[in-house]
1. For Gln22, which of the numbered conditions (1) assigned to a helix (DSSP H, G or I); (2) in the same structural domain as Glu81 (by TED's automatic domain parsing) fails to hold?
2. Looking at region 48-88 only, could you name the residues that are in contact with a strand residue (DSSP E or B) (Cβ under 7 Å, 6 or more places away or on another chain) and among the hydroxyl-bearing types (Ser, Thr, Tyr)?
3. Just the residues that are surrounded by 14 or more Cβ atoms within 10 Å (Cβ to Cβ) and not aliphatic (A, V, I, L, M), please, taken from region 36-54.
4. Go through region 66-88 and report how many residues are under 21 Å from the mean Cα position of the chain (by Cα) and charged (D, E, K, R).
5. List pairs: first residue in region 53-69 and in the same structural domain as Tyr40 (by TED's automatic domain parsing) and farther than 14 Å from Thr39 by Cα, second residue at pLDDT 85 or above and part of a loop (DSSP other than H, G, I, E, B) anywhere in the structure, Cβ distance under 9 angstrom, at least six positions apart or on different chains.
6. Just the residues that are among the aliphatic types (A, V, I, L, M), loosely packed, with under 10 Cβ neighbours inside 10 Å and modelled with pLDDT of 90 or more, please, taken from region 1-10.
7. Scan region 12-38 residue by residue and report those that are of a type in the set (A, V, I, L, M, F, W, C) and at pLDDT below 95.
Amino acid sequence: MKILRARLYELERNRIEKERSQDRKTKIGTGDRSERIRTYNFPQGRVTDHRINLTLHKLDEFLEGEAFDEMIESLTLQAQEESLSNLK
């Protein structure tokens, strides 16, 4: 009886651990390049937003907030275009 209880406990624990692992993976992701939102390339002075395929060669200005408005405008335009295409 003790062996059966131990095996059932182990099976249940493995099932719960597997569910947690899958849930965590869907929430966190894998960190692959395909999941990234933005890439900062310091040697080349480049920042790329992968959601809208926008690359700026103004990394220093972007980090200081000067070129940030350009990125925000592009993101806003992309969001507006998506919402307009959803209306059609």
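1. (2)
2. If the condition is that a residue be in contact with a strand residue (DSSP E or B) (Cβ under 7 Å, 6 or more places away or on another chain) and among the hydroxyl-bearing types (Ser, Thr, Tyr), then Thr48, Thr55, Ser74 are the ones that fit.
3. Gly45, Arg46, Thr48, Asp49, His50
4. Number satisfying all stated conditions: 2.
5. Glu66/Lys58; Ala67/Lys58
6. Across region 1-10, the qualifying residues are Ile3, Leu4.
7. Across region 12-38, the qualifying residues are Ile28, Ile37.
The values are calculated or read from the model by the stated rules, or taken from the named source; none is laboratory data. Since we're looking at a predicted model, the values are computed, not measured. Cβ sites come from the backbone with ideal geometry, for glycine too, and all protein chains shown count toward neighbours.
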